[in-house]
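Novice: I'd like to ask some things about the structure below.
The values are calculated or read from the model by the stated rules, or taken from the named source; none is laboratory data. Keep in mind that this is a model prediction, so the values were computed, not measured. FYI the Cβ positions are ideal-geometry reconstructions off the backbone, even for glycines, and counts take in every protein chain you see.
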Amino acid sequence: MSSLVVLGLQWGDEGKGKVVDYLSKDFDIVVRFQGGNNAGHTVKIGDDTHKFRLLPSGAIRGKRVVIGNGVVLDPQTLTDEIVELRKADIKIDLLISNRAHVITPYHIKIDELQELEKGDTKIGTTRRGIGPTYSNKIDRIGLRVADFLGDSLETVDQFQEIILAKIQRLFEIGNMDAINDDFERYISLVRSLKPFVGDTGEYLRDSVQRGDRILYEGAQGTLLDIDHGSYPFVTSSNCSIGGVSTGTGVPPSQIGEVLGVVKAYTTRVGAGPFPTEIEDSIESTIRTRGKEFGTVTGRPRRCGWLDLVALRYAVVLNDAKFLALTKLDVLSGIGPLKVCTRYESDGIEISSIPANAIEYDRVHPVYEELDGWDLPKGDSWNGILKTGLESLPENLIEYLRKIESFTRTEVKLISVGPRREETMVLDEKWLDSS
Ligand code: GDP
Ligand code: IMO
Ligand code: MG
């Protein structure tokens, strides 16, 4: 396979970082195409943990990594990540799109103020300025990387003037004086990234022609997609398949197959509909065992049963050909396990996800129960991971088959722990043959 897209199929934090790190050994280039540092992708190798926010997770293997035009870029976060990798003696081969929009301190402030203004109806954003930056992009008043590197922004005063003229919203909802950032420092931070900046669209299109293998790393998850997710409780980008082409400049016909990443249960950070949210002590058991606290904000993640209705929606929307199933170890010892196979509202079956958040909030999940399993702890895993699916507990295989038959998609990879080694590829040939 020349290219592969890795997408989250739930509400984010499915384990995309781990899967991308694992697979990137077989690819030449790893690309982020949407979102910003609202993403937190964790890669664990042995006892070392790396948390990526903007850099694609393939960076750890020293792969060429690309930040596409669809990403919104926080220069401080990116600089910190580069410094951290350098400290760890990891080679950085990075290309940043000159068309990517830049998050400024103003956008972060607006994000905070908008959330405060919403009060009880707040979305629970990561407060990283993501929404306001995408808003300005769509309003055609954004600042792109190229704007900082050309002649149009020569002085700090010019920068402030442009921003002040553009972001009127801040005057309406808050106090501009609250921002005391050192703009000189901010501009030079963006400019210091210049050696990495280029036309990533052209580069990627050429790479496709050369036959390079490209791995596209999604951020967030399908149900957080601005168009197809649980609007308005979503992020501000297209984190499903449509975002790959617009966020990179590679034509859809050249993008390749989709691998969807699915957590064995469901989590959600922030507000919004969540039909399978668990309301008894099992929730905290799952949260504790799965360490379900936000990578970016440290907030506890809401935990629920696997929602097959939402999963099937995401599989079909993205035309996911393969699945990676993560965190199976977390469910070990819990039983019976519930999976949601239908939604009902006022006794009427709802076949898919309602477009309206109030209606979505009202649906009741209808569950099927499956027997649980016990997994060995510690190193006894290693043997099992090498011997194949048959050596896994029968009930775990049943769970996996249930997901496959409901979504009509094959699970190609399973994950039973955070570390790179705790991964089992169920069909070694799929990467070559598809
Ligand atoms: P992402 O945003 O989709 O990349 O996911 P995150 O990194 O935000 O969250 C997934 C969390 O689960 C991280 O802390 C991972 O280290 C961890 N993780 C990934 N796969 C597994 C797994 O199979 N089992 C366990 N126990 N943890 C996992
Ligand atoms: P990764 O890539 C989980 C959620 C926020 C909030 C909503 C909008 O690690 O899976 P935003 O700051 O984007 O405007 O917040 O989206 N959210 C995520 N939830 N994982 C993520 O990224 C997320 N990125 C944003 O919690 O509900
Ligand atoms: Mg995450």
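Novice: Give all pairs with beta carbons closer than 6 Å in which a residue from the stretch 46-61 that is touching a residue at least 12 places away in the same chain (Cβ under 8 Å) and among the aliphatic types (A, V, I, L, M) meets a residue that is within 13 Å of ligand 2 (Cβ to nearest atom) and not in a helix (DSSP H, G or I); count only pairs at least 6 apart in sequence or on separate chains.
Specialist: Here the result reads LEU54/ASN37; ILE60/VAL43, each pair linking the stretch 46-61 to a residue that is within 13 Å of ligand 2 (Cβ to nearest atom) and not in a helix (DSSP H, G or I).
Novice: Under the condition of being touching a residue at least 60 places away in the same chain (Cβ under 8 Å) and over 17 Å from GLY40 (Cα atoms), which residue from the stretch 267-279 is farthest from ligand 3 (Cβ to nearest atom)?
Specialist: PRO275
Novice: Let me ask another. Considering each of ILE403, ILE353 in turn, give the residue that is more than 24 Å from LEU23 (Cα to Cα) and buried (at least 18 other Cβ atoms within 10 Å of the Cβ).
Specialist: ILE353
Novice: If I ask for residues that are within 14 Å of ligand 1 (Cβ to nearest atom), closer than 21 Å to VAL416 by Cα and of a type outside the set (Val, Ile, Thr), which ones from the stretch 275-299 would you list?
Specialist: Once the filter is applied, which keeps residues that are within 14 Å of ligand 1 (Cβ to nearest atom), closer than 21 Å to VAL416 by Cα and of a type outside the set (Val, Ile, Thr), the stretch 275-299 yields ARG287, ARG289, GLY290, LYS291, GLU292, PHE293, GLY294.
Novice: Determine whether the stretch 244-266 contains at least one residue that is surrounded by fewer than 18 Cβ atoms within 10 Å (Cβ to Cβ), under 22 Å from ARG53 (Cα atoms) and either at pLDDT 95 or above or touching an Asp or Glu at 6+ places or on another chain (Cβ under 8 Å) (or both).
Specialist: Yes: one or more hits.
Novice: Could I ask something else about it? For the stretch 58-73, does any single residue satisfy the condition of being near ligand 1 (Cβ under 10 Å from one of its atoms) and under 27 Å from GLN209 (Cβ atoms)?
Specialist: Within the stretch 58-73, not a single residue is near ligand 1 (Cβ under 10 Å from one of its atoms) and under 27 Å from GLN209 (Cβ atoms).
Novice: For residues in the stretch 310-320 being part of a helix (DSSP H, G or I) and within 18 Å of ARG401 (Cβ to Cβ), which is nearest to ligand 3 (Cβ to nearest atom)?
Specialist: Among those that are part of a helix (DSSP H, G or I) and within 18 Å of ARG401 (Cβ to Cβ), it is LEU311.
Novice: Go over the candidates THR77, THR104, THR133 one by one and state the one that is within 16 Å of ligand 3 (Cβ to nearest atom) and among the hydroxyl-bearing types (Ser, Thr, Tyr).
Specialist: Being within 16 Å of ligand 3 (Cβ to nearest atom) and among the hydroxyl-bearing types (Ser, Thr, Tyr) holds for just one of THR77, THR104, THR133, which is THR77.
Novice: If you don't mind, there's one more thing I want to ask. Scan GLY298, GLY304 and give me the residue that is buried (at least 23 other Cβ atoms within 10 Å of the Cβ) and within 16 Å of ligand 2 (Cβ to nearest atom).
Specialist: When all the criteria are applied, what remains is GLY304.
Novice: Of all residues in the stretch 28-55, how many are within 18 Å of GLN76 (Cα to Cα) and within 11 Å of ligand 1 (Cβ to nearest atom)?
Specialist: Summing the residues that are within 18 Å of GLN76 (Cα to Cα) and within 11 Å of ligand 1 (Cβ to nearest atom) in the stretch 28-55 gives 9.
Novice: Name every residue in the stretch 391-401 that is under 23 Å from VAL339 (Cα atoms) and of a type outside the set (Lys, Arg), in order of residue number.
Specialist: Result: LEU392, PRO393, GLU394, ASN395, LEU396, ILE397, GLU398, TYR399, LEU400.
Novice: Check GLY70, GLY40 and return the single one that is within 14 Å of ligand 3 (Cβ to nearest atom), of a type in the set (Gly, Ala, Ser) and either under 19 Å from the mean Cα position of the chain (by Cα) or more than 27 Å from LEU306 (Cβ to Cβ) (or both).
Specialist: Exactly one residue qualifies, and that residue is GLY40.
Novice: Given the residues LEU396, LEU323, which is the only one that is in a helix (DSSP H, G or I) and buried (at least 20 other Cβ atoms within 10 Å of the Cβ)?
Specialist: LEU396
Novice: Can you give me the number of residues within the stretch 399-428 that are over 20 Å from the mean Cα position of the chain (by Cα), in a loop (DSSP other than H, G, I, E, B) and touching a residue at least 12 places away in the same chain (Cβ under 8 Å)?
Specialist: Qualifying residue count for the region: 6.
Novice: State all residues of the stretch 280-298 that are within 16 Å of ligand 3 (Cβ to nearest atom) and within 18 Å of ALA264 (Cα to Cα); if no residue qualifies, say none.
Specialist: ARG287, GLY290, LYS291, GLU292, PHE293, GLY294
Novice: Something else: Would you be able to tell me the number of residues in the stretch 4-44 that are part of a strand (DSSP E or B) and either in contact with a Ser or Thr (Cβ under 7 Å, 6 or more places away or on another chain) or modelled with pLDDT under 95 (or both)?
Specialist: 9
Novice: Same structure, new question: I'd like to know if the stretch 46-64 contains one or more residues that are assigned to a strand (DSSP E or B) and either touching a Ser or Thr at 6+ places or on another chain (Cβ under 6 Å) or buried (at least 24 other Cβ atoms within 10 Å of the Cβ) (or both).
Specialist: Checked the stretch 46-64: at least one residue is assigned to a strand (DSSP E or B) and either touching a Ser or Thr at 6+ places or on another chain (Cβ under 6 Å) or buried (at least 24 other Cβ atoms within 10 Å of the Cβ) (or both).
Novice: Within the stretch 103-152, how many residues are in a helix (DSSP H, G or I) and at positive phi?
Specialist: 1
Novice: Before we move on, is GLU112 surrounded by fewer than 20 Cβ atoms within 10 Å (Cβ to Cβ) and under 18 Å from THR125 (Cβ atoms)?
Specialist: Yes.
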